[in-house]
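Contents: one structure, followed by commentary.
The values are calculated or read from the model by the stated rules, or taken from the named source; none is laboratory data. Everything quoted here is computed from the prediction, not taken from an experiment. With ideal geometry, Cβ positions are generated from the backbone for all residues, glycine too; neighbour counts draw on all protein chains shown. The protein model used for the area step is the full one, side chains on, heavy atoms only, and it has no ligands, DNA or RNA in it. Shrake-Rupley method; radii C 1.70, N 1.55, O 1.52, S 1.80 Å.
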Amino acid sequence: MDRVLHGRAGVHPRTRDKVNQALAQLEAEYEDMAPKPFGTSSAAQNPQRFGFIIQAGQAFTESFLAAIEKQRNGDRHRLLQIEGLGAASDEAVVEAIKGWTGGLDGLAIVCKNIPPIIDELKRLRQAGKHVMALVSDLESSARSAYLGIDNRAAGNVAAYLMGRHLEERSGAQVAVVVGSFSYRCHEDREIGFRSIMRQQFEGIEVLEVIKGKDSDEATYDAVRKLLQVKPYIAGVYNVAGGNRGLAEALAELQRAHRPVYITHELNRVTEPLLRTQQIDYLIVQDLDEMVRRAAQFMREIPGDDRQSHELEGIPFRLLTPFNPG
C-alpha cells in the first residue's frame, strides 16, 4: 500500500491496479455517505479507466511507458485509472485490443495503420469506446482524435537543416531511414523531407529509403549495405528508431567528415549520442504533455461520442549537442 500511495517501484502492475481500485471504491463509499448538492450522483465519483498500447521501438516504448507511470502516480484524486502496455508485433497489438481493453472506457494507441489493427479499433468504436491515436495518425473512422506533432512539418524542418548544411556541396547525397510505411508518422516525415529538398535544394540527391524496422540490428544491416555502394553519403535523416544501429554503422565509415545525422525522440539511446555529437539534430515531442492531454481528453469527452475530434497539436522542439534537453 505504501509503495502504491507514494508512487515507488517494486509493485506488480496488477497489484497496483487492485490497490487503486480498492482506494477508488473506498473514496466512492465515503462520498456516498457525505452530504451532496442537489443533482450530484455517486456514479460521477467513479473513476474512468482507459489504457495505452504502444507499438514502437524499445527505447521509445520505454520512454512512453515511463510518462504513463508518471501520470498515473500524479492523479492524486484517482479520477482516472490508466494502464500502459508495450506490444511489438502486429498480432500482439490485435490480441491486446481484443482481450486487454474489455473493461476500459477508452484506449489511446500508438500503432501501425494496417487493416487487422484498424478493423479491431473500428469494432471498439462501434461498441461506444473512445479510441485516440497518439504520435502516428490512423484512418479517421478508427479513432476519435489524433494527438501528436505535425509530422510533415517535422520532416520540413529536417530537410531545411540538411539542405543548409549541404547546399554548397555539389552532388551531395543523403539517405532517409524509415521504420515502416505502415506508420503514418514515418510516411509523413519522409514526405515532408522530400518536399522541401525538391523545392529548395535541387542539387542534393535523396537516395532510396532504407527500411530499418525500428530495430538496431535491422537498421545497422540496412545502412551498412547502403554504405557499401554509397560510401560518401553526406547526410542521413532517420524518421524512426534503431538509432544505436545507425550510429554504429556511420562510425565504421572512419571518414574525416562524417554525415550530417538528424533523427527523432529523446530517450536513453539518443541522448548520449546527441551529447557526444554523433547525432547533430534531434526533433523531439513532450511525451509527458501528450499523456497529460490524452488523459484530459478522455475525462472530458462525452460517454458515447462517436464523432472525430480535431485537437491542437503537440509542438516539437529541436535539440543539438549544445542544448541536449
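Within segment 253-277, track down each residue that is open to solvent by less than 80 Å² (accessible area, probe 1.4 Å) and of a type in the set (A, V, I, L, M, F, W, C). Those that are open to solvent by less than 80 Å² (accessible area, probe 1.4 Å) and of a type in the set (A, V, I, L, M, F, W, C): LEU253, VAL260, ILE262, LEU266, VAL269, LEU273, LEU274. Which one of these is farther than 15 Å from SER63 by Cβ and of a type in the set (A, V, I, L, M): LEU273, LEU226, LEU266? After applying the criteria, what remains is LEU226. Kindly establish whether ARG244 is modelled with pLDDT of 95 or more, open to solvent by 10 Å² or more (accessible area, probe 1.4 Å) and basic (Lys, Arg). Yes, satisfied.
The sole residue among ASP280, ASP288 that is among the charged types (D, E, K, R) and crowded, with 19+ Cβ neighbours inside 10 Å is ASP280. Go over the candidates GLY103, GLY99 one by one and state the one that is outside any helix (DSSP H, G or I), open to solvent by 10 Å² or more (accessible area, probe 1.4 Å), over 26 Å from HIS264 (Cα atoms) and out of contact with any His (no Cβ under 9 Å at 6 or more places or on another chain). Answer to the check: GLY103. The residue list GLU202, GLU167, GLU187, GLU217 contains one member that is open to solvent by 30 Å² or more (accessible area, probe 1.4 Å), under 22 Å from ILE283 (Cα atoms), over 18 Å from the mean Cα position of the chain (by Cα) and not β-branched (Val, Ile, Thr), which is GLU167.
Scanning segment 300-325 for residues that are at pLDDT below 90 and either among the small types (Gly, Ala, Ser) or touching a helix residue (DSSP H, G or I) at 6+ places or on another chain (Cβ under 7 Å) (or both) gives GLY303, ARG306, SER308, GLY325.
Can you find even one residue in segment 220-237 that is assigned to a helix (DSSP H, G or I), open to solvent by 30 Å² or more (accessible area, probe 1.4 Å) and within 30 Å of GLY51 (Cβ to Cβ)? No: segment 220-237 contains no residue that is assigned to a helix (DSSP H, G or I), open to solvent by 30 Å² or more (accessible area, probe 1.4 Å) and within 30 Å of GLY51 (Cβ to Cβ). For the residues GLU62, GLU69, GLU91, the requirement of being surrounded by fewer than 21 Cβ atoms within 10 Å (Cβ to Cβ), more than 16 Å from the chain's Cα centre (by Cα) and not aromatic (Phe, Trp, Tyr) singles out GLU91. Put simply, of ARG299, ARG255, ARG244 the only residue that is under 16 Å from LEU147 (Cβ atoms) and of a type in the set (Lys, Arg) is ARG299.
Kindly provide the set of residues from segment 214-239 that are touching a helix residue (DSSP H, G or I) at 6+ places or on another chain (Cβ under 7 Å) and among the charged types (D, E, K, R), ordered by number. If the condition is that a residue be touching a helix residue (DSSP H, G or I) at 6+ places or on another chain (Cβ under 7 Å) and among the charged types (D, E, K, R), then ASP216, GLU217, ARG224 are the ones that fit. Please verify whether segment 106-122 includes one or more residues that are open to solvent by 10 Å² or more (accessible area, probe 1.4 Å), under 16 Å from the mean Cα position of the chain (by Cα) and among the small types (Gly, Ala, Ser). No. So GLU300 passes all but one of these: (1) in contact with a Lys or Arg (Cβ under 7 Å, 6 or more places away or on another chain); (2) open to solvent by 10 Å² or more (accessible area, probe 1.4 Å). Which condition number does it fail? All conditions are met except number (1).
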